[in-house]
Structures are given as C-alpha cells and as structure tokens.
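*Asks:* So that we are looking at the same thing, I have put the structure below in structure tokens.
Derivation of every value follows stated rules applied to the coordinates shown; laboratory data play no part. Treat the numbers as computed from the prediction; the structure is a model and nothing was measured. Here the Cβ is made from the backbone with ideal geometry for all residues, glycine too, and neighbour counts use every protein chain on show.
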Number of protein chains: 2
Amino acid sequence: MNSLKKLPFNVENKDGYARACTMELPHGIVKTPIFMPVGTQGSVKTLCREELEDMGATIVLSNSYHLLLRPTLEFFAQYGGLHKLTKWKKNILTDSGGFQVFSLASMRKITDEGVTFQSHIDGKKHFLTPEIMVEAQRLIGSDIMMVLDECIHGGADKNHTITALNRTTKWAERARIEFLKQGIQDQYAFGIVQGGMYEDLRRQSARELKELDFPGYSIGGLSVGETKEEMYGMLDVLADEMPEDKPRYLMGVGVPEDILEGIERGIDMFDCVFPTRFARHGGVFSRDGRLNIKTKAFEYDTSPIDSECQCYACKNYDKAYIRHLLRVNEVLGGRLASIHNLHFLIELTQDSRKAILENRFASFKKAFLERYFQNKNILIK
Amino acid sequence: MNSLKKLPFNVENKDGYARACTMELPHGIVKTPIFMPVGTQGSVKTLCREELEDMGATIVLSNSYHLLLRPTLEFFAQYGGLHKLTKWKKNILTDSGGFQVFSLASMRKITDEGVTFQSHIDGKKHFLTPEIMVEAQRLIGSDIMMVLDECIHGGADKNHTITALNRTTKWAERARIEFLKQGIQDQYAFGIVQGGMYEDLRRQSARELKELDFPGYSIGGLSVGETKEEMYGMLDVLADEMPEDKPRYLMGVGVPEDILEGIERGIDMFDCVFPTRFARHGGVFSRDGRLNIKTKAFEYDTSPIDSECQCYACKNYDKAYIRHLLRVNEVLGGRLASIHNLHFLIELTQDSRKAILENRFASFKKAFLERYFQNKNILIK
C-alpha cells in the first residue's frame, strides 16, 4: 500500500487529553485547538478576508456541496481554485459534501457506487462518488479535504448504521486510492469517523480508518440532535481510539461549552455555521453567557457586547446600536455580531491553548463555564 | 426678523456655473461638489464607518422618517444623537421626512397644520408638523437638517403644485421660527425648493425661501420620473435663482451623468440610494459605463470592476468573485459593489472639483461622458 504524505503535526503539550499542537499546512501554520469560521459558498457570511485575519482565523471551511453547485467544478477547472477566487491567503478546509447531500438535497439515492441527488437550488440531478469528490476538492484547492462519507440520522438503528459505516470505510479506501492516483501535492485528505451513537461501531470506524493512515481524522455524525452527554460520551470513547500523532477534527461544533468539552477530550479542530447564523438573528456570546441583543433590556445599553472582548465590534460599537441595526434588518448588525461571535470562539480556543501549554486547562475550563452559565437565566430573554 | 446663523461657506472658484466650495460644518470641513452616501436607518447598507471614511465620505445622509419610526425620537431624546449611536465622526445630513411620507406611508392626510400618516412598518398613526421635524432633527443631531416640505407626484397639475408650494413655504417659515425658538446651535437648516415641473413656480419657491435666509438650499421634487432634459432644464432655471453664497443641494440624484450635469448647473451636494441599491443587484459603475456584473460575460473575468479605480473592492477582488457572490446571494458581493459605486461617485465629485479649480470642468465632463457612454450597448447586458 502506497502511503499518503504525512501532515507536519507536532503535539507541543498534553494536559490530560487536551492537546496544544502545531500543523504546518500549505497556507501557513495553524496552532490548535482552533475554531474554523465557515464560508459555505466561498464567503464567511457578510465578512471580508481582513476581518477574518483580524480575528485570528488561520483556516476557514468551505462546503464542497455548495461549491460544486455554484460556481461549479467546471468553473474551478477553468478559473483556478478557491484561494485565487476569494484572495484568502491562509488555509482552507473543505468538507466532503456527504453531510449536505444528506441534509439539503431534495432527493438522494445511495448505492455502493456513490450518491445521486437533486440540487436544492434548481432540482438538477448530480452523481457523486468518492473519486469525484477527491477530484472536486483538488480543483477547489483546499489545503485539507474530506473523503466522501455517508451520513445518517441521529436516531438510525444499528443495522442501518453498520451499512453506512461499512460504505464510509469502503469509500475512504477508494478516495485514498484516487488521491494517490491523481498524485495530489500540497493537499491533505482526512478520513471521517462515523458509527452513529454506537460505541462499538465508532471504535470500529476509527480503527478501520486508522489502517488507511490518513494524515488527519474528522469525527462526523455528532452534534446532530443527540444530547450533549451522548456526544461527550462518544468523544470519550474516541479519545483513546484516534491516533495521537494526527489532528482530530470534530465537525459541526461551535458553542463554547462543546468546544471546551471537545478540547478536554483531545479534539484539535472545530467548525460550525452556528456562531454566524446565531449572530444574524441577534444571538451573541459573552463571558457572562449568551445574550439576545434584540431584547428591550439593551435598548439604551452603551456598553459593548462583551466589555473584555477586543474584537472590532466590541472596541467600536455599543449594544444599543447593534440592537437597533438588527431590529431594522440592517446587514451591518449581523456583520458586527458575526465578527464578535467568531472572534469570541477563536479567542476561546487560543486561551485554551495557552492554558494547555501551562498545564491548567481544567481550571481554565471550569472558571470559564462557571461564569458563562452563572447568569444564563437573567440574560437570555 | 431674527436671523439664522450663517454656515461658513466659501466659493473657491467658479468655472461657468460649476463651483468648487468649502463648507465648515460642525463635524469637519466638506469640500464640494460632493456626493453623500445614504444611511437610511443609521447605516449605509452593509458598510461600516471605516469603509465610508476610506472612500472619502465627509458627510452622509440619514432619513428622519425612518429614524423617527425606529429607533424613535424618544430613543434619541434619552440615548443621545445619531453620531453617538453610529460612532460616525464626520457630518450627517438628515432629510425632512416629507419625501418618505409621500412615497412610503400607506395613508397620508395633509393639512396646513401638518401631515398624518401610517407607518409603512406597523401601520401606526403618526402626526408630523414643521415644528416636530425641527425637534426631531435636533434630537437626531444632524449637522444639516431639512425643513418639512410637501412632496407631490411628478405629473401633478399646476393647481395642486401651487397648493403644495404655498404650504411648503409656510412650513419653511414655521420651521425657521421653531429653529430660532429652540435656540439650536451647531446645526444648520436648509430650505427645500419645490414647484414641480413649472418654471415660474420653481422661481417663486426659490425666491420665497431666499427671503427666509436659510444657510443653504435644497432642490426637491426632481429626479422623480421626469425626463433628464426636464430635470436639467429646471436646474438651468434655478441656477440663476439660488443664492450664490450658500450651498445648493440636489436631492435624490446619484448617477454619474446627472451629477455632472448638476455640477455644471451650480449644484454642490448630491445624495441617492441608487448606487448602493443598484450595487446589491449587481449593477456597478465603471469609467467605461455601467456593468451588470452578474452577466455570464464576467464569469471568468480576473480584472477588477474598474481597473483605474482605487477602491477596496477594485484593489482586492476580481469581477469573477463579485459575480459569484452576487449570484449566490452572499452579502459580501453587494458590500463590495456598494463600496465601489460610492467610491466611484465620490471620486467623480472630487475629480470634478479639481477640474473646476483648474477651470477645465467642461472638458473634464465631456471626456468622462464620452467614454462612459461609448460602450453602453456592449456592456449592459
């Protein structure tokens, strides 16, 4: 078996299972733990690249499913990749499309060969295979690509979960072969651990993928409706199953408490659309818990969203203005709240990293969560 | 008759009727001719204040009608003015609300006393008078406020136009008295010349308002559906009627050709929502004419919107990306196109100013328009 190129990855310190690591990706070093903003269609909604750089983003995510529908793979083949298009100078990670086919497409039919689905935009039929998704992400030019996986409902029964898991492993093998066949340089492919809510299947998936020796591993199919306890429990299981010397990416997690619990269980990378979607609806994170900035309580509030935050929104604007903007549907409101929420999560991962390097992650996490949840009932209205 | 405080206004040079002037407003010097971006609800759509500063904006407009509905005058009375809310450090001009009551409110009843209307948002009834609108704009704290006027349809008959004109003059007198009574400092009130499409009525309006000795004058009721020739003709009429030593503001004009024709006829100030609204739909100005950036022709275009433009969008992004963003409804597309269009119009007024100072405005205008219209049929698709 030919081997995939190793991703330069250094575990600088471990504090319990929590890890502070450094990854050398083609578009710069990424220090972990890290939260990755999501730019679904080649744009982190409302923001420009300087705003992402200012908040400390070193890697952003984009969605293969959306990009292959628009601007299309033919576009990337002729124009060049997503870095050229967006002018983003740092790293890009793309997902495999598996989750979006599962959650967005209006019709889908999965066989061992691949998946047929109808576009959620124009109903046009598309056929994807593990090989096509390697090719797609090669054309997009992401620094980290995901192999195609089969996603299932959170409550899927064991037989269904086993079928999907076996297919996911087989597709990972095919993607691996395709990746090598295409002789792809300067991109890294991650395998995605599936297995639903079954401990034994999760272990099986992690072990099978480990055999394929991918340069990094993602955990899919969590944060899809299960309880937080179930999710944390599954991360506990996986903490000992996933290779120590490779990055671990928990897909679709983007609230402070889950990020901290993930870090505690050895996760290095996180992404989620929640912080920006939440922001556009007036939801913001603060050290004192979540706030709904549209509530009457903030009508005359001349203080920033979070008085300790150094983001552009907090350094320049008060709650009263952001509240007004959101109430009258001015985009600048969602833009400022998005800047804040992303900055907040990136800073949380940076502070976690610092705590891990100083072997005090447990106390950092405890202090953060105590304060974060203390006023919950007062401030979320 | 007590007199209104004079606005420090210096005509630096005249080139035909075209003027290069300097106004000393409370929030900094404004050099004219100038195009003023419109921030209807206290935000120039999608943009933050640094972006406005970067494009050279020294004065922005906001709409009294919208602000009195949300966040309301009670809000401003308790919180402070619009500068405090938006953190915009330069000048603000507010309109009188007359045009929005006319164009947006679902029901309106005008008497000599004032105007009753229903909010276009929640149907709530409001009553406005010239006195209330002075108070409103005092609370908003705009550097330049407009007196309440009565707006009419472009095709209104002469009797209707006379009635509205007489009321507008009476309302201007009342606003003037109220302004003096309130002892307003550091704000300036402009009268609004009306008179529809009737030359004699326009002259009458200008003369009546001149008597009231406002520190500046606006021209309302143009660019509302009449032909360009009719509008330019009316500006010709007014060029000799309006005081030489005071700023002249043509309301609602925001395309290059009208701005240049206005400048040629002695106009100093312009505003319009068109450049930003047009931008959000994919319309952009360029030295070679208007472009619809969403057209297929630009799919692979790696050049900026206008290769001579120094705006943030043109210095950093290509047409292919902005086209993609607009096609998939990403806000960043409209944001970049808005930055470009506003920058383009402000630069056009700055270049006009330079030409006026060098007594070559006519040739500057001719060269600009020749190039601008040369490729029209090729590029607008």
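*Asks:* Among B:Thr163, A:Thr58, which comes first, second and so on when ranked by fewest other beta-carbon atoms within 10 Å?
*Replies:* With the sparsest Cβ surroundings first, the list reads B:Thr163, A:Thr58.
*Asks:* What is the magnitude of the charge dipole of the stretch A:281-379 about its Cα centre, with +1 placed on the Cβ of each Lys and Arg, -1 on the Cβ of each Asp and Glu, and no other charges, expressed in debye to the nearest 20?
*Replies:* The dipole magnitude comes to about 240 debye.
*Asks:* If you line up the long axis of helix B:361-374 against the longest principal axis of chain B, both from Cα atoms, how many degrees apart are they, to the nearest 10?
*Replies:* Relative to chain B, helix B:361-374 is tipped by roughly 60 degrees.
*Asks:* Averaged over its residues, how many other protein chain Cβ atoms are within 10 Å of peptide A:294-302's Cβ atoms?
*Replies:* Mean number of neighbouring Cβ atoms from other chains: 2.
*Asks:* With point charges of +1 on the Cβ of Lys and Arg and -1 on the Cβ of Asp and Glu, referenced to the Cα centre of the protein assembly as shown, which listed residue (B:Ala189, B:Cys151, A:Ser3) lies farthest in the positive direction of the dipole?
*Replies:* Final value for the positive-end residue is B:Cys151.
*Asks:* Just to confirm my numbers, what's the Cα centroid distance between the stretch B:205-250 and the stretch B:59-111 in Å?
*Replies:* Using only Cα atoms to place each centre, the spacing works out to 23 Å.
*Asks:* Right, here's the next one. How large is the dipole of chain A about the Cα centre if only Lys and Arg carry +1 and Asp and Glu carry -1, each at its Cβ, rounded to the nearest 20 debye?
*Replies:* For chain A, the charge dipole is close to 900 debye.
*Asks:* Run the label-point distances for A:Gly155 please: 7 Å along Cα to Cβ, every other copy, nanometres, shortest first.
*Replies:* Nearest to farthest, the other copies are at 6.1 nm.
*Asks:* Taking every DSSP beta bridge with both residues inside the stretch B:9-272, roughly what % is antiparallel (nearest 5)?
*Replies:* 45
*Asks:* Explain nothing, just the number: relative contact order of the stretch B:242-381, from Cα pairs under 8 Å at least 6 residues apart, as a whole percent.
*Replies:* Normalised by residue count, the contact order of the stretch B:242-381 is 27 percent.
*Asks:* Report, in debye and to the nearest 20, how large the dipole of the protein assembly as shown comes out about its Cα centre when Lys and Arg carry +1 and Asp and Glu carry -1 on their Cβ.
*Replies:* It works out to roughly 400 debye.
*Asks:* Order the peptides B:84-94, A:286-296 from the highest to the lowest mean number of other Cβ atoms within 10 Å of their residues.
*Replies:* My ranking of the peptides, most packed first, is B:84-94, A:286-296.
*Asks:* Which of the three applies to the stretch A:321-381, rounded, prolate or oblate, going by the alpha-carbon gyration tensor with a ≥ b ≥ c and a/c under 1.5 meaning rounded?
*Replies:* Verdict is oblate for the stretch A:321-381.
*Asks:* Starting from the Cα gyration tensor of the stretch A:217-340, take the square roots of the eigenvalues, sort them a ≥ b ≥ c, and report rounded, prolate or oblate (rounded when a/c is under 1.5, otherwise prolate if a/b is larger than b/c, else oblate).
*Replies:* prolate
*Asks:* Now a separate question. Chain A: which residue's Cβ hugs the A-to-B rotation axis most tightly, distance rounded to whole Å?
*Replies:* Closest to the rotation axis on chain A: A:Val331, 3.
*Asks:* If you scale each eigenvalue of the Cα gyration tensor by 5 and take the root, what three semi-axes come out for chain B, rounded to whole angstrom and sorted largest first?
*Replies:* 33, 24, 20
*Asks:* Then there's this: Shape call for the stretch B:279-379 from the C-alpha gyration tensor, a ≥ b ≥ c root eigenvalues: rounded (a/c under 1.5), prolate (a/b greater than b/c) or oblate?
*Replies:* Here the stretch B:279-379 falls in the prolate category.
*Asks:* Something else: I'm checking a number: the convex hull volume of the Cα atoms of the stretch B:77-198, normalised per residue, in Å³. What is it?
*Replies:* 119
*Asks:* Looking at the protein assembly as shown, what % of its DSSP beta bridges pair antiparallel, to the nearest 5?
*Replies:* Once the DSSP bridges in the protein assembly as shown are tallied, antiparallel ones form about 50 percent.
*Asks:* What ranking of B:Lys315, A:Lys246 emerges when the number of other C-beta atoms within 10 Å of each C-beta is taken as an exposure proxy, fewest first?
*Replies:* B:Lys315, A:Lys246
*Asks:* Wrap a convex hull around the Cα atoms of the stretch A:161-264, take a quarter of its surface area, and give that in square nanometres.
*Replies:* Taking a quarter of the hull surface, the average projection is 6.7 nm².
*Asks:* To continue, here is another question. Need one number: the % of Cα-Cα pairs in the protein assembly as shown sitting beyond the 39 Å mark.
*Replies:* Considering the protein assembly as shown, 45 percent of its Cα-Cα pairs are separated by more than 39 Å.
*Asks:* Hey, another quick one. Given R₀ = 51 Å, what would the calculated FRET efficiency be for A:Ser363 paired with B:Glu308, taking r from the Cβ atoms and rounding to 0.05?
*Replies:* Computed FRET efficiency for A:Ser363 and B:Glu308: 0.30.
*Asks:* Here's another thing I want to ask about it. If packing is taken as the average number of other Cβ atoms within 10 Å across a peptide's residues, how do B:272-279, B:106-113, B:20-27 rank, most packed first?
*Replies:* Highest mean packing first, the order is B:272-279, B:20-27, B:106-113.
*Asks:* Ranking A:Glu257, A:Glu173, B:Glu264 by Cβ neighbours within 10 Å, fewest first, what do you get?
*Replies:* Listed from fewest to most nearby Cβ atoms, that is A:Glu257, A:Glu173, B:Glu264.
*Asks:* While we're here: What's the average, rounded to a whole number, of partner chain beta-carbon atoms within 10 Å of each residue's beta-carbon in A:320-329?
*Replies:* Rounded to a whole number, the mean comes out at 5.
*Asks:* Now a separate question. With labels modelled as points extended 7 Å from the Cα through the Cβ direction, what inter-label distance (nm, one decimal) is found for A:Ser103 paired with B:Arg287?
*Replies:* Output for this residue pair reads 4.7 nm.
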